[in-house]
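Student: This is the structure I want to talk about, given as structure tokens.
The values are calculated or read from the model by the stated rules, or taken from the named source; none is laboratory data. Just so it is clear, the model here is predicted, and its values are computed rather than measured. Counting neighbours? That spans all protein chains shown, and the Cβs are built from the backbone with ideal geometry, glycine included. The area values use the complete protein model at the heavy-atom level, side chains included, leaving out ligands, DNA and RNA. Shrake-Rupley method; radii C 1.70, N 1.55, O 1.52, S 1.80 Å.
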Amino acid sequence: MVGTHSEFPSTDFAITSVNVPDRLDQREVDDRKLQDEASFYARRRWRSALRIWSRRLLPYLMLLAVLGLAGSWLAEQREAMAAGPVSQRLSAALHVPVLVHDTRLQTTPAPAIVLIGIDLGGQMRLDEVTLEFTAPSLWRAIMSGQSRWGDVVISPTAVTYEQANQLLTWLALVDRVVPDSVTRIRFAQLRFPGSAMLPDRYDAVSRRDPSGQFTLVTLRRQGGPGSMQLQVTPDRSGGPIAFQCDAADWQPPFAPRTSWSELVANGHISSSSIQIDKFSMGSAFGAIEGQLLVRRDEKGAATWTATGQVNSVGIDVATVIQQISKSPQPPEGTPASAAASMSGTAAIDAILSGVGGTPEEALGRLAAAGEIKVRSATLNGINLGYAASRPSSGTANSSASTRFTKFDAAFAAGSSGVLFRNIHGVAGALSTRGELTVTPELALDGLVHVNLGGTRIQAPLRLQVRGTVAHPQFGR
């Protein structure tokens, strides 16, 4: 039977109130979650965009900063290199009144500051002097606060010897005004109008030595075949200027015109003399060595004299004849000595002399006089012994030759040609004496006496020599 008691019996569970959200509450929660996520991703995209644009703009910002610093540095240098201050500094350093017409900043083809119209005490005028600098040197200058210049380049210039000597004097003083960072001064092109000794165009360069001074100038020939380098070292005390010349495939102004493969010379130059202490010239036919002195005659009226001496050993006569006559090369397999009119090895010992109103004229009129001895001399194209023993027969024979055991002569060479005197050749009992003239056109004119010797008395044979050096002709 069911009782009337209404209370439930006690158990292990407690009844509590639970807040179960309805659909509207759940939608509000989802919307709030989506809003938070959108805000997070928006902030993340903004930071990412900021980093990307920072990386993109940073080089431009750095470039603007560098350009600003560079512009400030260039403005300071432009003010320091103005025409007035530069003129004053050059005047004080060179001890002559120097006037710079104007200065400008150059950006192309390379950045530089250009001095325009430099008048050096009325003695010389330079059109432009360029003080170069590069981007790395500009950056170092900005970072260190010190000027970092490149080369000093002087525009193409024509000078006389007197002006060149004055330039060398100023070069010894220019280190006082040129910035320490400048290590090289060069002429883009240097010419000596009217000079026979330096007739070409040259690139002139002077480098700062370890002591900080500019003491050496190097001239290099521009264009043309071969090469020539002249190193000039002025004496800071005002003495003679030392020089060293090295050339290859170049024609010296005081040497015969032939194919000189090399030249080495050294000496000293002053206002009154050119002294070549030693020179050596080499070619395919051998080498010649000597000394040469060109000086002003103090007693004469502006007269220059040239004196010297040359000697050689091992001059190949056949090669000399082939070069001066410009004969074609002999066929393959044919020795050059057989193709030439004469062969042998010559030794020369001669004295040089010349006189002129200028050093160039004295060198241009240079003459040589001395002795020549030819070892193993062979005269090709004639057998003198056969011709002397058979006067009625012809003298010309392309396959004939005369071999001498001894051959020597005295000679005098100049602009009018070469004269061989006291020619003396010995071939066994046969002896030859005579004289021979070689004109500048290489034409021959001479007379040779051939004596067979021996016990039988026989009149010497007289042979006229005509033709050319390459093709001599013998006749009675």
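Student: Need a quick list: strands (runs of 3 or more DSSP E) entirely within the stretch 402-476 having at least 2 residues that are without any contact (Cβ under 8 Å) to a residue 60 or more places away in the chain and among the basic types (Lys, Arg).
Tutor: 461-467
Student: Consider the stretch 79-108. How many of its residues are closer than 30 Å to Gln163 by Cα, open to solvent by 40 Å² or more (accessible area, probe 1.4 Å) and modelled with pLDDT under 75?
Tutor: The qualifying residues number 1.
Student: Could you give me the residue pairs with C-beta distances under 8 Å whose first residue belongs to the stretch 231-253 and is touching a residue at least 40 places away in the same chain (Cβ under 8 Å) and under 16 Å from Ile288 (Cβ atoms), whose second residue is of a type in the set (D, E, K, R) and open to solvent by less than 50 Å² (accessible area, probe 1.4 Å) wherever it lies, and which are 6+ apart or on separate chains?
Tutor: Final answer for the pair search is Pro253/Glu360.
Student: Can you pull out every residue in the stretch 266-307 that is within 23 Å of Leu167 (Cα to Cα) and of a type in the set (A, V, I, L, M)?
Tutor: Listed by number, the residues that qualify are Ile269, Ile274, Ile276, Val294.
Student: Step by step: first the residues of the stretch 233-276, then only those that are over 25 Å from Val355 (Cα atoms) and touching a helix residue (DSSP H, G or I) at 6+ places or on another chain (Cβ under 7 Å), then the one that is surrounded by the most Cβ atoms within 10 Å (Cβ to Cβ). Which residue is that?
Tutor: Once the filter is applied, the top-ranked residue is Pro234.
Student: For the stretch 116-127, which positions are closer than 17 Å to Pro85 by Cα, open to solvent by 20 Å² or more (accessible area, probe 1.4 Å) and assigned to a strand (DSSP E or B)?
Tutor: Result: Ile116, Asp119.
Student: So Ala346 ticks every box in (1) closer than 26 Å to Lys406 by Cα; (2) outside any strand (DSSP E or B); (3) open to solvent by less than 20 Å² (accessible area, probe 1.4 Å) but one. Which box is left unticked?
Tutor: Unmet for Ala346, out of (1) closer than 26 Å to Lys406 by Cα; (2) outside any strand (DSSP E or B); (3) open to solvent by less than 20 Å² (accessible area, probe 1.4 Å): (2).
Student: Could you list, in sequence order, the residues of the stretch 277-291 that are open to solvent by 30 Å² or more (accessible area, probe 1.4 Å), more than 20 Å from the chain's Cα centre (by Cα) and at pLDDT 90 or above?
Tutor: Asp277, Lys278, Ala287, Ile288, Glu289, Gln291
Student: Then there's this: Out of all the residues in the stretch 204-214, which are surrounded by 17 or more Cβ atoms within 10 Å (Cβ to Cβ) and either assigned to a loop (DSSP other than H, G, I, E, B) or at pLDDT below 90 (or both)?
Tutor: Once the filter is applied, which keeps residues that are surrounded by 17 or more Cβ atoms within 10 Å (Cβ to Cβ) and either assigned to a loop (DSSP other than H, G, I, E, B) or at pLDDT below 90 (or both), the stretch 204-214 yields Arg208, Phe214.
Results for (1) assigned to a strand (DSSP E or B); (2) within 13 Å of the chain's Cα centre (by Cα), shown as yes or no for each residue.
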| site | (1), (2) |
| --- | --- |
| Ile185 | yes, no |
| Leu190 | yes, yes |
| Pro199 | no, no |
| Tyr202 | yes, yes |
| Ala255 | no, no |
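Student: Then there is this: Considering only the stretch 215-232, state which residues are open to solvent by 50 Å² or more (accessible area, probe 1.4 Å) and of a type in the set (A, V, I, L, M, F, W, C).
Tutor: Across the stretch 215-232, the qualifying residue is only Leu216.
Student: Criterion first (assigned to a strand (DSSP E or B), open to solvent by 40 Å² or more (accessible area, probe 1.4 Å), under 23 Å from Phe420 (Cβ atoms) and at pLDDT below 95) does Val313 satisfy it?
Tutor: So Val313 fits the description; yes.
Student: Looking at the stretch 292-303, which of its residues are at pLDDT 90 or above, among the aliphatic types (A, V, I, L, M) and either open to solvent by 30 Å² or more (accessible area, probe 1.4 Å) or over 13 Å from Ser271 (Cα atoms) (or both)?
Tutor: Leu292, Leu293 - these are the residues of the stretch 292-303 that are at pLDDT 90 or above, among the aliphatic types (A, V, I, L, M) and either open to solvent by 30 Å² or more (accessible area, probe 1.4 Å) or over 13 Å from Ser271 (Cα atoms) (or both).
Student: Quick check, is Gly428 closer than 22 Å to Ala340 by Cβ and either open to solvent by less than 30 Å² (accessible area, probe 1.4 Å) or not polar (S, T, N, Q) (or both)?
Tutor: So Gly428 does not fit the description; no.
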